[in-house]
Amino acid sequence: MIKQRKTGEILAVLISIFLGFSALITSHIWSITNPATANYVLLKIGSWLPGWWGIGTYAGKEMIGLIFWIVSWIVLHFILKNIQISLKKWLAVFMFSIFTLLIITWPPIYHAIWGWLPTKP
């Protein structure tokens, strides 16, 4: 007989993916808004990865996203593992949240958020 998983475990996965992706995007926007400090820190964080010099600061951004994803998945799994909920609403929230994060990373959008609108020549 196959054990039916609780939907809380699936919710933990969805939330952890969102948190990891949010951390990746936050570190990316940090490297754009404060490159002197952020790039130094991101290079230090990612410098232990094999081949990090080929991707530069993105190695640090990857590590931040990966750490947030794995740690939040472990924590949320133990918090939500025995919960049974309807996933239909949560899947819609997840999809909307991921779509919103993708829109925020589009340069015209985050330039408008930070007030970096192009000037007329």
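The values are calculated or read from the model by the stated rules, or taken from the named source; none is laboratory data. As the structure is a prediction and not an experimental result, all values here were calculated from the model. Positions of Cβ are backbone-derived with ideal geometry, glycine not excepted, and every protein chain shown enters the neighbour counts.
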(message) Anything in the stretch 1-25 that is part of a helix (DSSP H, G or I) and of a type in the set (Val, Ile, Thr)? List them, or say none.
(response) THR7, ILE10, VAL13, ILE15, ILE17, ILE25
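Would you confirm, using the coordinates I've provided, whether ILE15 is crowded, with 17+ Cβ neighbours inside 10 Å and touching a residue at least 40 places away in the same chain (Cβ under 8 Å)?
On the way: crowded, with 17+ Cβ neighbours inside 10 Å: yes; touching a residue at least 40 places away in the same chain (Cβ under 8 Å): yes.
The answer is yes for ILE15.
For the stretch 91-113, how many residues meet the condition of being in a helix (DSSP H, G or I) and either farther than 16 Å from SER16 by Cα or of a type outside the set (A, V, I, L, M, F, W, C) (or both)? So that I can check it myself, show each step before the final result.
So the first thing to find is which residues in the stretch 91-113 are in a helix (DSSP H, G or I), and the list is 91-104, 107-113.
Filter once more, so that each one left must be either farther than 16 Å from SER16 by Cα or of a type outside the set (A, V, I, L, M, F, W, C) (or both): 97, 100, 102-104, 107-113.
Residues flagged as in a helix (DSSP H, G or I) and either farther than 16 Å from SER16 by Cα or of a type outside the set (A, V, I, L, M, F, W, C) (or both) within the stretch 91-113 amount to 12.
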(message) Of all residues being more than 16 Å from ILE32 (Cα to Cα) and among the aromatic types (Phe, Trp, Tyr) in the stretch 62-121, which is modelled with the lowest pLDDT? Just the residue, please.
(response) TRP90
(request) Could you check, for the stretch 77-97, whether at least one of its residues is in contact with a Phe, Trp or Tyr (Cβ under 8 Å, 6 or more places away or on another chain) and touching a residue at least 40 places away in the same chain (Cβ under 8 Å)? (result) yes
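Table: residues versus (1) surrounded by fewer than 14 Cβ atoms within 10 Å (Cβ to Cβ); (2) of a type outside the set (Gly, Ala, Ser); (3) not in a helix (DSSP H, G or I).
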position: SER31; (1), (2), (3): no, no, no
position: GLY56; (1), (2), (3): no, no, yes
position: ILE64; (1), (2), (3): no, yes, no
position: ILE70; (1), (2), (3): yes, yes, no
position: HIS77; (1), (2), (3): no, yes, no
position: GLN84; (1), (2), (3): yes, yes, yes
(message) Tally up the residues in the stretch 44-54 that are under 24 Å from SER16 (Cα atoms) and assigned to a helix (DSSP H, G or I), please.
(response) 2
(request) Considering every residue within the stretch 38-48, establish whether at least one is farther than 28 Å from HIS111 by Cβ, surrounded by fewer than 17 Cβ atoms within 10 Å (Cβ to Cβ) and in contact with a Phe, Trp or Tyr (Cβ under 9 Å, 6 or more places away or on another chain). (result) yes
